[in-house]
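Chemist: My questions will all concern the structure given below.
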Amino acid sequence: MKTILVISLCWALVQVFKVVSQRIINGKRAANLTTAPGDKNCCYATAYILSNYLSCKGACPNVNIVLRSAWGAAAPTNVSALQLPVSFVFIHQTETPACQDPTSCKARVKDIQQYHMSIKGLADIGYSFLVAEDGTIYEGQGWDRVGAHTKGYNSRGIAFSFIGSYSTSKPPVAALTAVKNMIQCGISQGKVASAYHLYGHRDVNPTSSPGDALYHEIHTWPHYSHTKP
């Protein structure tokens with residue numbers, strides 16, 4: 001009972017902070033204030049980082065989640081709130097070497113963020129969550145923010161990207177189970193609609209992601225949809 005109360009209180013504080021932060025940002029826009037170069041980005045980043053540090057561990061007790069602050073994420077240049085609950089869940093692969101331990105996985109996730117921001121010109125790492133082969137989940141955009149993962153559906157869905165390439169073999173059971181548990185956790189928290197639709201990245205965009213083996217695997221998952229949204 002005490003644990004539930006603490007989690008509920010922490011969640012409420014996060015939501016209040018997000019509302020206040022967004023009002024501050026909107027107030028600056030409305031006032032059309034003259035600011036130093038990069039000041040708007042700083043405002044977005046500050047709100048984002050503080051909100052991230054207030055995130056509650058233990059919200060998904062059956063999943064090991066590494067928050068952005070723990071893997072050393074760079075601050076985003078822009079943040080947009082995602083309208084919840086989302087109706088779509090997309091499965092991706094990063095098409096990078098896989099990783100199985102905290103040190104290499106943190107480095108891999110940081111490399112992906114740097115590539116997304118520096119090379120692709122995104123405001124942040126594109127995926128909602130990234131999944132290591134040992135079943136650890138790395139927070140990307142998280143539940144509450146619009147990502148840049150699935151063209152045409154970023155504002156309506158979240159994406160789990162398995163770290164690695166899965167054309168010939170699917171991810172280990174630990175990784176697959178972690179994503180299933182995360183989706184259920186998202187439903188219980190009101191982040192994902194109970195009647196959500198599950199898709200592979202290739203179902204809606206011209207890509208080989210999430211790889212043939214992983215794509216065939218998710219066909220067996222609950223809520224996989226054979227009809228395009």
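Chemist: Residue 135 - would you say it is at positive phi and in the same structural domain as residue 106 (by TED's automatic domain parsing)?
Modeler: Taking the combined requirement at face value, the residue satisfies it.
Chemist: Name the pairs: first residue in region 49-68 and over 14 Å from residue 143 (Cα atoms) and at pLDDT 90 or above, second residue of a type in the set (A, V, I, L, M) and not in a helix (DSSP H, G or I), Cβ to Cβ under 9 Å, at least 6 apart or on different chains?
Modeler: 63/137; 64/137
Chemist: Looking at region 191-221 only, could you name the residues that are more than 22 Å from residue 142 (Cα to Cα), touching a strand residue (DSSP E or B) at 6+ places or on another chain (Cβ under 8 Å) and among the small types (Gly, Ala, Ser)?
Modeler: 211
Chemist: Let me ask something else. Quick check: is even one residue across region 200-210 closer than 12 Å to residue 90 by Cα, of a type in the set (A, V, I, L, M), assigned to a loop (DSSP other than H, G, I, E, B) and over 10 Å from the mean Cα position of the chain (by Cα)?
Modeler: Yes, there is a match, as at least one residue in region 200-210 is closer than 12 Å to residue 90 by Cα, of a type in the set (A, V, I, L, M), assigned to a loop (DSSP other than H, G, I, E, B) and over 10 Å from the mean Cα position of the chain (by Cα).
Chemist: Only one residue in 94, 103 is crowded, with 20+ Cβ neighbours inside 10 Å and either without any contact (Cβ under 8 Å) to a residue 12 or more places away in the chain or of a type in the set (Ser, Thr, Tyr) (or both), so which one is that?
Modeler: 94
The values are calculated or read from the model by the stated rules, or taken from the named source; none is laboratory data. Nothing here was measured: the structure is a model prediction, and the numbers come from that model. Cβ sites come from the backbone with ideal geometry, for glycine too, and all protein chains shown count toward neighbours.
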